[in-house]
1. Please report how far the C-alpha centroid of the range 218-247 lies from that of the range 73-115, rounded to the nearest whole angstrom.
2. GluC sites (Glu not before Pro) within the range 287-350: which are DSSP loop residues with at most 16 other Cβ atoms inside 10 Å?
3. Nearest 5 percent is fine: what portion of the DSSP beta bridges confined to the chain is antiparallel?
4. Can you sort E132, E254 from fewest to most other Cβ atoms within 10 Å of each residue's own Cβ?
5. Ranking E253, E365 by Cβ neighbours within 10 Å, fewest first, what do you get?
6. Counting pairs of alpha carbon atoms under 8 Å apart in space and at least six apart in sequence, what relative contact order in percent does the chain give?
7. Report, in debye and to the nearest 20, how large the dipole of the chain comes out about its Cα centre when Lys and Arg carry +1 and Asp and Glu carry -1 on their Cβ.
8. When the Kirkwood radius is taken over all Cα pairs of the range 234-392, what Stokes-Einstein diffusion coefficient follows at 37 °C and 0.692 mPa s, in µm²/s?
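Where a number appears in this text, it was derived from the coordinates with a stated rule and is not lab data. Just so it is clear, the structure is predicted and the values come from calculations on it, not from any experiment. Every residue, glycine among them, receives a Cβ derived from its backbone with ideal geometry; neighbour counts consider all protein chains shown.
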Amino acid sequence: MPTQLHRVSRRSFGKASVIAGAVAVANSTQAVSDDAPRKRIRTGVIGCGSVSNSYLPSLTNCPFVEVVSLCDIKPDRARRQAEKCRVANHYPNVDAMLQGVPFDFLVNLTDMQEHEGLNRRALEAGKHVWSEKPIANSLAAGQKLLETANAKKLRLWGAPITVVSPQFAFMARQLAAGKLGRVAAAHAHYGHEGPNWSAFFYEKGGGSMPDLAVYNITSLTGLLGPAKRVAAMLSIVTPERTVEDKGRIRVAEEDNAMLLLDHGGGVISHVQSGFNYFNPHGHDGSGEERHTIAIVGSTGYMGLVGYDWAPRGVDLATVQEPKLARHATEAQGYVWQQGAALAAESLATGSKLLVTPEHALHVLEIITAARESAATGRRVEVKSSFAWPIAV
């Protein structure tokens, strides 16, 4: 999920997200009659930290979800969230959860280093899985997770859901229509001063790429197609940090990243992310006016206003209409934390979800390729792919 500078601002953002999430779930089901019977997916949520404050309102307000259990290795957090959200059961570890009240769908909101192992446990136990990013710690491990899901006829999804936004759809349609002419290049950036509440962001398996760049990589590969090759430079700008859960720590993964992606056909994109970026507009997305994603071609330019997880519109200029004009300014119910609720709706109704595990795994390979490139100084080939173009 998006991370913020300080816990206070994060909590403030969480309150706004709770409201937006409830509205989004309501909007996503407007076409369903209030009188129509709905299948509800019995759901267990593991990880009751800060991310759950945004996810749980979307899940508990979704007519396709019945949240039956919560789990956290800090039992008090699970108990508090269970009381707050009126969930009947809560557990101190995944073993107790899997042996407890039956459920069909696991929503994994734990530290990113734990996702792979918990996703595997859930799939092996016969549960569908929605995972916060990343879906696994390596491409090979992620592919094995997908093989397990397919063999057991289970569904596996991973955040983020930037391809679901109406702004992404608008941009994809302009590209498909040739409005920018021969596309040449794109740039995307996302960063802030770094989260201060947990060490896992800076420990092995953390870093700014799986936490922040993952959004822009998902959006750009979704718009421009799978990456063929990656070149990157990574650095640690702040080697020591003070975090609330462990005090003073050494930073083990990149807090500054620059990636070049070759999408084939001459198209090159650039993604930067970091935990040392002062942002004069703040972080909650409401005041961001910059183009955090920009795409340029031989006859046009297009810029996403705001973050791709909280987009505010798309500015477009072409040879025919050279003055920038803003489009797609409405959220239409889209919020970043609704992914698990949309996945549950897909399970209940059979509806298709634009978010796919293949895309999530491709993004994961790009991140691991970037680390290999930075370590070796070489461009690294990317072998995975996903169905593209995305049918927005």
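1. Centre-to-centre distance over Cα atoms comes out at 29 Å.
2. Sparse-neighbourhood loop GluC sites (Glu not before Pro): E289, E330.
3. Given both bridge residues lie in the chain, the antiparallel proportion sits at roughly 60 percent.
4. Lowest count first: E132, E254.
5. So the ranking, lowest neighbour count to highest, is E253, E365.
6. Taking the mean separation of contacting Cα pairs over the length of the chain, I get 20 percent.
7. About 340 debye.
8. My calculation gives 172 µm²/s for D.
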